[in-house]
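Below is one structure, written out as C-alpha cells; the observations come after it.
The values are calculated or read from the model by the stated rules, or taken from the named source; none is laboratory data. Source: prediction; values computed, not measured. Ideal geometry is used to build each Cβ from the backbone, glycine not excepted, and the neighbour counts take in all protein chains shown.
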Amino acid sequence: MALNPFPDEYRKLQVNPDPVESAVPEIIRYVTPVIHIRRTAVQHAELGGHRIKAGDEVAMRYFSANRDEDAIGDPNRLIVDRARSRQHVSFGFGIHRRVGNRLAELQLRILWEEILKWLPTIEAVGQPRRIYSNFIHGFSSMPVRIPV
C-alpha cells in the first residue's frame, strides 16, 4: 500500500533488491503503525512555545513526528534508498525505544526479500480495512493483485 503511490520507488526494489535494508525502516516511518503515545508531565516545561504544566497530559502523534519537515527531507514521499532511513520515531526514542524494533525490522526485511524474489509485482487494488483502534494504525485485510 505504501509503495503503490510511488511506482518508481517500487521499481528500484524490483530491479535491485539491495535497498530493502533501507526500505524497511522507511516504510515503517511512512506508514507509522502506532498512532500516538500519551504521557503526564512531571514538571513544568515549554515545548514549541507552548507551556506545559506539571500534571498536564501530553500526546505525541507518531505520524506527525515522522513527517516533520525539520527532521526529514521530503517527509511525505516514500524513498526506499533514503539516507539515514532509521531516523524515525515509530519505535519510540531513547530509553522508551521498543526492544523488539530490530526483530520487527528483520522480519519485514526477510518478508520483502522473499516477496521480491517470488512475487516481484504485488499491487494494492482497494482500500484496506482498518482495525478499530485509537492506538494502532493497523489493517485487518487489504485486497491485492498478484500477476501470474
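Values as computed for the structure displayed
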| item | result |
| --- | --- |
| Residues located in the range 24-58, provided they are loosely packed, with under 11 Cβ neighbours inside 10 Å and closer than 30 Å to Arg77 by Cβ | Arg38, Leu47, Gly48, Gly49, His50 |
| Residue pairs meeting the criteria (Cβ under 8 Å; at least 6 apart or on separate chains; first more than 19 Å from Pro7 (Cα to Cα), in the range 63-82; second aromatic (Phe, Trp, Tyr) and not in a loop (DSSP other than H, G, I, E, B)) | Asn66/Tyr30 |
| Only one of Glu46, Glu21, Glu26, Glu57 that is over 22 Å from Gly126 (Cα atoms) and in contact with a helix residue (DSSP H, G or I) (Cβ under 7 Å, 6 or more places away or on another chain) | Glu21 |
| Test: residue in the range 86-101 that is surrounded by fewer than 11 Cβ atoms within 10 Å (Cβ to Cβ) and in contact with a Lys or Arg (Cβ under 8 Å, 6 or more places away or on another chain) | no |
| Odd one out for Pro120, checked against (1) loosely packed, with under 15 Cβ neighbours inside 10 Å; (2) closer than 26 Å to Phe6 by Cα; (3) out of contact with any helix residue (DSSP H, G or I) (no Cβ under 8 Å at 6 or more places or on another chain); (4) modelled with pLDDT under 90 | (3) |
| Residues of the range 5-18 satisfying the condition of being modelled with pLDDT of 90 or more and in contact with an Asp or Glu (Cβ under 8 Å, 6 or more places away or on another chain) | Lys12 |
| Sole exception among (1) part of a helix (DSSP H, G or I); (2) more than 14 Å from the chain's Cα centre (by Cα); (3) of a type outside the set (A, V, I, L, M, F, W, C) for Arg109, by number | (2) |
| Those residues of the range 111-148 which are without any contact (Cβ under 8 Å) to a residue 12 or more places away in the chain and farther than 27 Å from His36 by Cα, in sequence order | Glu114, Ile115, Trp118, Val148 |
